[in-house]
Every structure is written in structure tokens, then in C-alpha cells.
Amino acid sequence: MRILEVVGLTKRFAGLTALDAVSFTAEEGQILGLFGASGAGKTTCFHCLSGFLTPDSGRIIFDGREVTGDPPHRLARAGLARVFRIVQPFRRLSALDNVVLALGYRHGWALNILLSIWHGEATRRRALGVLERVGLAAHADHPAALLSAGLQRRLELARALALGPRLILLDEPFDGLSDEERQSLAEVIARLRAEKLTLVLIERPLELAMALADRVVVLDHGALIASGPPERVRRDPRVIDAYQETGARATARDGSG
Ligand SMILES: Nc1ncnc2c1ncn2[C@@H]1O[C@H](COP(=O)(O)OP(=O)(O)O)[C@@H](O)[C@H]1O
Ligand SMILES: [Mg+2]
């Protein structure tokens, strides 16, 4: 089933076209990789999909309903959740309480307070269940600030899961993690797909997330230059060029080449 359809999405900032008539789809229960060099327009695409930015033109259809321009909270309640690139849990709260708050958000803040007073144990059990899905149950009582980078990334994922989403947008989840942390996060993400969740994963390095994605789309200077199965896209000359060009620019900027 097609859960997300993006048609001709365009976003301009002053003179710059950050997204240029981009179209793609995502199937339920699959991982879609959204690739591209730095500045290609990936995060802008997520901002539009999650309602943080209104596109200049184009349409976003989620679960059969047009949601273009809907605000973030309405999209989150419709089942479209987003995990930010910068991890931002409530640092002094335990991992569990962070998830409890997210569970409460799903039903509105005031109700959350009532829930925590009257249904403390039930809410706690539900939050623990969410932590288990990301392999964090053993760290339930640890303050978020004391978790390693890899575990904090998983906590962010748990907070998104607490919203009961059908689709999760992940912006560079592997960025800044050790090889080991990447491996275990990849396993968590693959498990969520097995639960029939849909994930859209932004990455810059091609290798990392290519192994995980069922289908990929590649952006370059705001335009979609390739889409399809990862094995085919990674061999596409336009994709190789786009990555080499930005690699060369970075080297020139560093003054080393
Ligand atoms: N709020 C903004 N105002 C002006 N330009 C922006 C804004 N956000 C992004 N851009 C520009 O849009 C382009 C795409 O940015 P972004 O979507 O963040 O790329 P990516 O996530 O692929 O690295 C970049 O050239 C960036 O400088
Ligand atoms: Mg980005």
C-alpha cells in the first residue's frame, strides 16, 4: 500500500530553489532512503513533509489524504512522526519519563498530567513497552543526559514511537555514531520495518543506509536525479557525479586540493 505520495514539491528561499518539483512515493512497511550531498534539499523536504515549512507548490498525500500545509501537531496525530537530527530529550528526566511525556502529548498535555496521576502504572507499562521496541528497557531509569549518543538516538526514536505513528521521518540518524552504535541502530530500524512501520531515512554517505533501504531517491541541488532500488541507484552515473562534485568542492574549500 502506498502510504506517502509527494507530487511536484517545490520550496524556494529568496533566490534559491531548495526543492525543485520533487516527486516520490513510499510504500507501507518499507524503508525509503532519501540521499544527497550536503545542501541537496533533504532536510527542507522533511520540513515540508512534517509541516514545519509550507511548500510553494506541490502536494503531499499521506494515507490517502492530502495533508499539504497541515501543521506539525496535526500531522503527528495523523500518524506522521519526525525524529530530529539534533537529539533533544528532556535531559534530566529518565528515559522512561521522556516516553511517558510523549505518550501524554499524543492525548494532550492536560490529560497527560491526569494520566500520570491516576493511571501511573498503566502508563509506565506502556512506556516500557515502547522502550523495549528500541532496545532501551534496561536503561529506563537512567537520566536521558547520561545515555551514550547511540542510546540517545534510540530514545528520540522511542519518543516518536510513543505518538503511535505509521510513518517516521529520520534525519541522519547514524550521524556521529560509532560503528557499533550504527550497527545496533540499524537493527532497531529493521525491526520497526518488520512491525510494518514505514520509515523515510535521510543520509549523506551512500554506503551506510543503502544496505537498509528498500528503495532510495537521490536529490541534487533540490532536484530528484535518481530513484529506485539501492543497487541500481548507487551505480547511476548522475548519482556518482553528484557525490564526486560535492566531494571536490569540499576538498577545494579545505584548501587541500
Ligand atoms: N531557512 C532557510 N533559509 C534560506 N535558505 C535555506 C533555509 N533552509 C535551507 N536553506 C538552503 O536550502 C538548501 C538545502 O538545504 P537543506 O535542505 O538543509 O539541505 P540538506 O539537508 O540536504 O543538507 C541549502 O542551500 C540551504 O542553505
Ligand atoms: Mg540536512
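The values are calculated or read from the model by the stated rules, or taken from the named source; none is laboratory data. Here the structure is a predicted model, which is why all the values come from computation and not from measurement. Don't worry about glycine lacking a Cβ; one is built from the backbone with ideal geometry, like all the others, and counts go over all protein chains shown.
Scanning region 1-17 for residues being closer than 11 Å to Ile60 by Cα and touching a helix residue (DSSP H, G or I) at 6+ places or on another chain (Cβ under 7 Å) gives a total of 1.
For region 196-216, check the following and say yes or no: at least one residue is at pLDDT 95 or above, among the acidic types (Asp, Glu) and closer than 20 Å to Phe35 by Cα. Yes, some residue in region 196-216 is at pLDDT 95 or above, among the acidic types (Asp, Glu) and closer than 20 Å to Phe35 by Cα. For region 172-219, the tally of residues that are away from ligand 1 (no atom under 16 Å from the Cβ), among the hydrophobic types (A, V, I, L, M, F, W, C) and part of a strand (DSSP E or B) stands at 1.
Which residues, counting only those in region 189-240, are among the basic types (Lys, Arg) and either closer than 23 Å to Leu131 by Cα or without any contact (Cβ under 8 Å) to a residue 12 or more places away in the chain (or both)?
Arg191, Arg193, Lys196, Arg232, Arg235
From Ala40, Ala21, grab the single residue that is modelled with pLDDT of 95 or more and crowded, with 22+ Cβ neighbours inside 10 Å. From the options Ala40, Ala21, the qualifying one is Ala40. For region 77-99, a tally of residues being at pLDDT below 90, over 21 Å from Arg125 (Cβ atoms) and within 18 Å of the chain's Cα centre (by Cα) returns 8. Among strands (runs of 3 or more DSSP E) entirely within region 1-107, having at least 3 residues that are hydrophobic (A, V, I, L, M, F, W, C), within 16 Å of ligand 2 (Cβ to nearest atom) and in contact with a Phe, Trp or Tyr (Cβ under 8 Å, 6 or more places away or on another chain) singles out no element at all.
The condition (being buried (at least 21 other Cβ atoms within 10 Å of the Cβ), modelled with pLDDT of 90 or more and under 30 Å from Thr44 (Cβ atoms)) is satisfied by just one residue among Leu167, Leu177, Leu131: Leu167.
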